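Bear in mind these aren't lab numbers, they're just calculated from the coordinates by the rules spelled out. Just so it is clear, the structure is predicted and the values come from calculations on it, not from any experiment. Backbone-built Cβ (ideal geometry, glycine too); neighbour counts: all protein chains shown.
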Amino acid sequence: MNQEQRKYLSLLAEKFPTRQAVCTEIINLAAIMNLPKGTEHFMSDIHGEYDAFLHIMNNCSGVIREKIEMIFADVLNDTEMRALRTLIYYPKEALQRLHSEGRISPKWYRETLRHMIEIARVLSSKYTRSKVRKAMPKEFGYIIDELLHALPDEDGNQLAYHERILDTIVGIQNGDEFIIALSALIKRLAVDHLHIVGDLFDRGADADKIIELLLDYPSLDIQWGNHDVLWMGAAAGNEACIANVVRNNVRYNNIRILESGYGISLRRLQLFAEKTYEGTPAKAMVKAINVMMFKAEGELILRHPEFEMQDRLLLDKVNPEKGTVTIDGVEYAMNTMEFPTVDWSDPYRMTPEEREVMDDLKRSFCQSPQLRRHIEFLYAVGSVYLKMNDNLLFHGCVPLTEDGQMEEVNFFGQFLRGKSYFEFCEKAARLAYNTGEARYVDFMFYLWGGPKSPMCGRVVKTFERSYLDDKASWKEPQDPYYLSLKMPDQDAASFSLSSVFIFPGRTVLTAFMAVDSETSSGQPGVRNPNYGKIRVLELPRSSNIPGPGQVQGNFNSYGEASQVLNLLSQQGSQVIKGNLLTLPVGGGLLYVQPVYVQSSSGTQYPLLRKVLVSFGDKIGFADTLQEALDQVFGGDSGATTGQEVVDGDSAAANDTSSSTDASGQPSAAPSADPTATGSPGAQAPSASAQPSTSASASGSAPASSGGDPQTDLNAALADAKTAMDDSNKAMQSGDWTAYGEAQTRLNNALKRAVEAQKKLGG
């Protein structure tokens, strides 16, 4: 027995001092192993959106709805089940509304409590009684325990006892409080464990409220995202992280979280900005913190050449006389030369006034009690990665070489890759906050935006987006994607790493690569023989198949799409374009990009509104992937996408998950038969491959009213705004039938608006 084993035995002996104690624990654990596995709830990219987060937490991602339908399918109608769901999700608000409408009676209380007790009883069946008791609200724990475990007996005594408890609850007017307590218990039992896979923070305004809600959550873990690490670095005193946090929140008008949430005053920054820069106070603050951010980043990057972020040193690449900046050998015109604090002979040195502002911000971040409380919570329950129940959880990426091997990095004299790199990152993050050691504090900035950071994995183009109008400079290098796809020499779709290749100086596509990443062969202990196999579709040098940058430009300039998206933006919402995916299909390459719309009020959760598809020189733009593919391929594409709306259920319409083939494997592409071979260096798909039938991408729109086009446009926009508001309200209440109806009205209104705008010459 080695020393490590002795330590474990010593700890066990302290907890279980006698043979009987050991036997009792073994019996207990053996019994627990026979219970059903508890439900795990996974959430990611919350981004400070409190309302959306709260709604998902309250409905447990559909678990409660599923249980209600299972238990009461033959007892309650759809309206009654929907009302019961809403009551459990939002008990205080629902009770207030029902009281105001005069719909609550003693009979209603008894029936509702019976239904809720039955739901709690079903949910509690997968746990031990001790665990259920611990989850019960203390003020009602004894009563709920009795109700959950009241069993019928020969004389009916237990039933009478049960009913007497309910009568007393109603009689003493304690029904509302008991319903609220039962709702909390049901939600607690519906989810056994919560996984937050990164990015509680971002441009959303209420990350502090989300963390406050999570502080008392009984069982959860968090995997840090780059936005989380950014705030963690700021709390550790990293000036580059501080400037990025302030910039992000000032830029998106989320000052509340800084000043009210964490007590971080921006007064000194505001006074300095108003004195130094032109524009409104808000715009002046953005200009000021932008320059300070690039200076702080520059100083840090110069201190650490091992970070390999020298390409982000751009202030010294500015030509102040010409008003240009040179990036990767290309000269771009700057959209402003308002840099009153920059000494072009030493551009990364802060002025004394900037230093005073930064020192003030640094003190505020490091001394904020509430921020410290929240950051210490992230450290206590968080990590870079977690292995749990055969799942590997992390937010971001595993740095890989182009051939799919784990890429080696060198930080502070340590050569790292894969698991060792992840563990180093976590150790560095903890040392940064706990010890304040300078090199680890600096490393927090690398975790935020470094090109090989497991939490970032991209080049952040903040400078280009701030000072250059040429959007070609904004493009961030595309990381490889993991998809389930079928390459030309494969019989079925498989989980694969894919990437595109473009020769420097060219914009057309050079090659497409996929690496088989499916480890399982379907037999226990036997690895898939094709795991790691690389398949390359190499295009001839003479081909003109557009690359991702060209396709994105085509999408951005596509007339009908730009019209509709502009109209959606006019409704007080933000249009968000998703990842552009490249897929080999039918002897060519298919590009797919989802388009989301995020409301400026209400739930503020991005919803899939449109899909853009490109194949050859054809572009499709429609409400669903199915419809967009049909436009491109001239009618019926033959694809099954899983996006069809069923019985007005918008959840189906907004489902972005892949379809499945006959084997049950996800399929990321239409079921056309590619003609190219899949071996390295194989013949490429034809660069001139086109759909066999001419397709119209115009879509259909109802005829106009025949009146004044401007009047028609105004009416359509008003109807669209009403429909969008109704959609948000329906989503908040969980009324998906109403949501589907509102979505139909929204689409019709947008088509009318497009038609009217065309008549106006727009």
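Our summary gives the range 50-130 a relative contact order of 29 percent, counting only alpha carbon pairs under 8 angstrom and 6 or more residues apart. In this rough spin-label picture, where each label sits 7 Å from Cα along the Cβ direction, the ARG121-THR24 distance is 3.0 nm. Note on the range 216-236 and the range 105-149: Cα centroid distance 34 Å, given to the nearest whole angstrom. Annotation: amide H of SER496 within the under-5 Å range of LEU483, SER484, LEU485, SER517, sequence separation 5 or more or interchain, hydrogens built in the peptide plane. Listed by Cβ neighbour count within 10 Å, with the fewest neighbours leading, GLU177, GLU14 appear as GLU14, GLU177.
Counting other C-beta atoms within 10 Å, which of TYR127, TYR109 has the fewest, and how do the rest follow? Mind showing how you got there, number by number?
On the way: TYR127 18, TYR109 21.
Least crowded to most crowded, the residues run TYR127, TYR109.
Modelled spin labels at LYS131 and LEU431, positioned 7 Å past Cα toward Cβ, are 3.8 nm from each other. The modelled label-to-label distance between THR722 and SER562, using points 7 Å beyond Cα along the C-beta direction, is 3.1 nm.
Taking amide H positions as modeled 1.01 Å from N, with prolines and chain starts lacking one, the residues under 5 Å from GLY382 and 5 or more places away or on another chain are ILE222. Under a cut-off of 16 Å between alpha-carbon atoms, report the lysines in cross-link reach of LYS419, not counting same-chain residues fewer than 8 places apart. Of all the lysines, those that pass the test against LYS419 - Cα under 16 Å, at least 8 places apart if same chain - are LYS387, LYS427, LYS452.
Potential lengthening of the chain between PHE377 and ALA438 amounts to 19.7 nm, from the contour at 0.36 nm per residue minus the alpha-carbon distance. Using 0.36 nm per residue and subtracting the Cα-Cα separation, the extra length available between LYS138 and HIS193 on full extension is 17.7 nm. For LYS610, a cut-off of 19 angstrom between C-alpha atoms picks up these lysines, skipping any fewer than 8 places away in its own chain: LYS577, LYS618, LYS721, LYS751. Backbone phi angles across the range 319-325, fed through the Karplus curve with coefficients 6.51, -1.76 and 1.60 (θ = phi - 60°), yield HN-Hα couplings of 9, x, 5, 8, x, 10, 9 Hz in residue order; Gly and Pro are listed as x.
Given R0 = 30 Å, the distance between the Cβ atoms of VAL330 and ASP221 translates into a calculated FRET efficiency of 0.10.
For the range 160-169, the Karplus equation 6.51 cos²θ - 1.76 cosθ + 1.60, evaluated at θ = phi - 60°, returns couplings of 5, 4, 4, 5, 5, 4, 5, 4, 5, 4 Hz by residue, with Gly and Pro reported as x. Distant-in-sequence amide contacts of MET334, defined by a placed amide H-H separation under 5 Å and a gap of 5 or more residues or a different chain, comprise THR324, VAL325.
The relative contact order of the range 226-449, computed from alpha carbon pairs under 8 Å that lie at least 6 residues apart in sequence, is 27 percent. For the range 618-633, backbone phi angles converted through the Karplus equation (6.51, -1.76, 1.60; θ = phi - 60°) give residue-by-residue couplings of 9, 10, x, 9, 8, 6, 10, 4, 4, 5, 5, 5, 4, 4, 5, 9 Hz, Gly and Pro being listed as x. When ILE27, ILE222, ILE196, ILE165 are sorted by how many other C-beta atoms sit within 10 angstrom of their C-beta, beginning with the fewest, the order is ILE27, ILE165, ILE222, ILE196.
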